[in-house]
Each structure stands twice: as C-alpha cells, then as structure tokens.
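Working notes, beginning with the structure itself.
The values are calculated or read from the model by the stated rules, or taken from the named source; none is laboratory data. If you're wondering where the values come from, they're calculated on a predicted model, not measured in any experiment. We place every Cβ from the backbone using ideal geometry, glycine too, and count neighbours over all the protein chains shown. Heavy atoms of the whole protein, side chains included, go into the accessibility calculation; ligands, DNA and RNA do not. Shrake-Rupley method; radii C 1.70, N 1.55, O 1.52, S 1.80 Å.
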Amino acid sequence: MLPYIHHLFADTGLWIAIGVTLVAGLMRGFAGFGSAMLMAPIFAILFGSAEMVVTIVAIELVVSLQLFPQVRASADWKTLGPMSIAACVAMPLGVWALASVDKGTIVTAVSAVIVAFVVLMWSGWKYRGGRSTAATVTVGAVSGAMMATTSVGGPPVLLYLLSGSDPPHVNRANIVTYYFLTQFLLIVIVLASGVAGWDALGRAVVLFPLMILGAWLGGRLFHGLASERLYRNVALGILFATGTFGLLRTFIA
C-alpha cells in the first residue's frame, strides 16, 4: 500500500495535497461550495488537468453522498432536475476540451473563473433575470461543460441559485444536491474517454478521508459555532488568493 501511495504522489507534493484537501473540506461542509475551486488550480499543477478532474470530482462525490441525505428534503427539485440533466448532456463537450487543451491553459482558465467569481460575490452582484426553464437549462449546460473541463462547474450555478430569495439552508441544499446529481456521471465519462487513468481515483481514495473530516468540521461551524458572514468572507479570500496564484504562477515561479 505505501509503495502505491508513493507512486501516486511521487514528486507532486503529498503534504500540499493533504493541506489543500482539508481546507477544501471545511469550505464544502460549511457553505456547500468552494472546495473544487480551491483544489482545481493546485491539483492541475500537481497532477495534470485530466487527472485533476477525476480526483477532485471523486472526492467531492464522496462528500455529496455524506451530505445529501441531510439536505434532500430542502432542495428545489423543480429547478435542479432540468439543470442537472442539461449539465450531464453538456459534459462530453467539456471532456473534448479537456483532451484538446494543454494543462497551462486550463490552469489559467480555471484561475480566471475563480477570481471573477470571487469579485462578483464580493461586489454583491446578483442575477436579476427570472428562473425560467430556458435560463435554468442554459446555466446547467454551461456548468456541465465547465465541470468536465476544469472540475469547477459551480460558479454559474452558484450565482444563479444565490440570486433568489431562498433562505440559506435551501441554497445550501440546492448546491449539495446539484453536485450529487452530476458528479458520478462525469467520472464515468472522463475515465471512459481515456483522458485520465485509474491513478486519479487512487489519489481520491487517499485524500477523501481528509475531505470528510474537513466537511464534518465545516458542518459544525454551519450549525452555530462561527459567524456565517465571517466564514464566507474568509473562504472567498482564500479562493481569491488561490485564483490569483494560478494566474500569476509563471511570474511567481
């Protein structure tokens, strides 16, 4: 077992991966978002873009399985149904882009998406259109393609869902449920396409206990052990720093 773990993380920074996964779990457990955005640019640098997608989505799927039973009764299924179907239909397009675009471009793209998302969240901008079926399907399709290419499909869905008047527990339930409904199929599509190998799942097996631990701690924070507003600002600050690092990594190196 130890030699295989050494093989999985040889020359890629095991302790960096462990630290990033634990912090990502805190974000996911508390707010229901942020984990993939934190891990994506760093894991793409460590493992490669295609391997990163499978590793992150597999880790997130385990957390979704843990959180979904707690939130399913609060989810808005009328919105999540067509959104999730559209995301799954668009995933093959994202996998094609994943196989066609080099790692450096994907790291830059996902970092730019993260920075733009954080700036929009900090600015207070909200989507003002209605939640029509057409808008819901469009958001789902864009998210599905982005998820398959970068593992980060959350920003369009988050901005769309958080624009309404739903209470925080409903927003959290919607976000967790959306990930739960889309992640398994994405893993199957990426592995079946051959752009990533089974070692990517091996890394997920090693790292997911840390994500679960972080998600458990984050869930405790959500239920009253910390200020939700303070945590959100700290989480967005960490994401902004991560995205900025991804954009400036060449100059920093």
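State all residues of region 122-138 that are open to solvent by less than 40 Å² (accessible area, probe 1.4 Å) and at pLDDT 85 or above; if no residue qualifies, say none. Explain how you work it out, then say what you get.
Of all residues in region 122-138, those open to solvent by less than 40 Å² (accessible area, probe 1.4 Å) come to 129, 135-136.
Within region 122-138, ALA135, THR136 meet the criteria.
Is it the case that region 21-33 has a residue that's touching a residue at least 12 places away in the same chain (Cβ under 8 Å), within 16 Å of the chain's Cα centre (by Cα) and not in a helix (DSSP H, G or I)?
In the first step, residues of region 21-33 are kept if they are touching a residue at least 12 places away in the same chain (Cβ under 8 Å); the result is 21-33.
From the residues that got through so far, the ones that are within 16 Å of the chain's Cα centre (by Cα) too are 21-33.
Now drop any that are not not in a helix (DSSP H, G or I), which leaves 32-33.
Yes.
Which residues, taken from region 139-149, are under 15 Å from ILE106 (Cα atoms) and either open to solvent by 30 Å² or more (accessible area, probe 1.4 Å) or among the polar types (S, T, N, Q) (or both)? Break it down stepwise before answering.
First pass over region 139-149, keeping only residues under 15 Å from ILE106 (Cα atoms): 145-149.
Passing the criteria: MET146, THR149.
From VAL119, VAL115, VAL89, VAL152, which residue is surrounded by fewer than 16 Cβ atoms within 10 Å (Cβ to Cβ) and touching a Phe, Trp or Tyr at 6+ places or on another chain (Cβ under 9 Å)? Don't jump to the end; show me each part of the working.
On the way: VAL115 fails: surrounded by fewer than 16 Cβ atoms within 10 Å (Cβ to Cβ); VAL89 fails: touching a Phe, Trp or Tyr at 6+ places or on another chain (Cβ under 9 Å); VAL152 fails: surrounded by fewer than 16 Cβ atoms within 10 Å (Cβ to Cβ).
It is VAL119.
Determine which single condition VAL107 fails, assuming it passes every other condition in (1) without any contact (Cβ under 8 Å) to a residue 60 or more places away in the chain; (2) touching a helix residue (DSSP H, G or I) at 6+ places or on another chain (Cβ under 8 Å).
Among (1) without any contact (Cβ under 8 Å) to a residue 60 or more places away in the chain; (2) touching a helix residue (DSSP H, G or I) at 6+ places or on another chain (Cβ under 8 Å), VAL107 violates only (1).
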